[in-house]
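Single-structure report; data block below.
The values are calculated or read from the model by the stated rules, or taken from the named source; none is laboratory data. The structure displayed is predicted, hence computed values, not measured ones. Ideal geometry is used to build each Cβ from the backbone, glycine not excepted, and the neighbour counts take in all protein chains shown.
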């Protein structure tokens, strides 16, 4: 009975795994597959070299900006730092900045006239610190050994609903329950 190449490879792997030498377990014996991989890697490297050479040959027909960008890419590929971007002179930048602000101001005024109001990014709810999120024992209603803080967990009411509630709940409420010795009133 003749073993196939796959069966032989499996036997070799099993023998390496069951050996007492740790180094034998992890060493991979040279096989036909490794030579094929090496050849394919060489071909791949050759293709990349050809592409790189074509880029350099074609760089003579490139514009100044394209050549500079290619050089910068090569520097980065070799582990260098990326070059800083071009800075705009102050005399040019000031004019552009003022024009942009003027456009934003005009747009804002136009929206106000039309009745469109957008919420500013800066007016978003400020993130609270973890200390502020914790319920404090000094706040809340303490009754019969229980601290009632339910009202602190609810979102803040709007101004209109708060005013209505104050008008209704003015003064102490009368209790309406069964009194001692009396029947419940209807």
Among the helices (runs of 4 or more DSSP H) lying completely within the stretch 72-186, list those that include at least 2 residues that are modelled with pLDDT of 65 or more. 90-114, 130-133, 150-153
Where the second residue is surrounded by 10 or more Cβ atoms within 10 Å (Cβ to Cβ) and not in a helix (DSSP H, G or I) and the first is without any contact (Cβ under 8 Å) to a residue 24 or more places away in the chain and lies in the stretch 78-98, which pairs have Cβ atoms under 9 Å and are six or more apart or on separate chains? 96/88
For a quick check of your reading of the model, give me the residue pairs whose first member lies in the stretch 126-143 and is under 19 Å from residue 154 (Cβ atoms), whose second is modelled with pLDDT of 65 or more and part of a loop (DSSP other than H, G, I, E, B), with beta-carbon atoms closer than 6 Å and at least 6 apart or on different chains. 135/149; 140/149
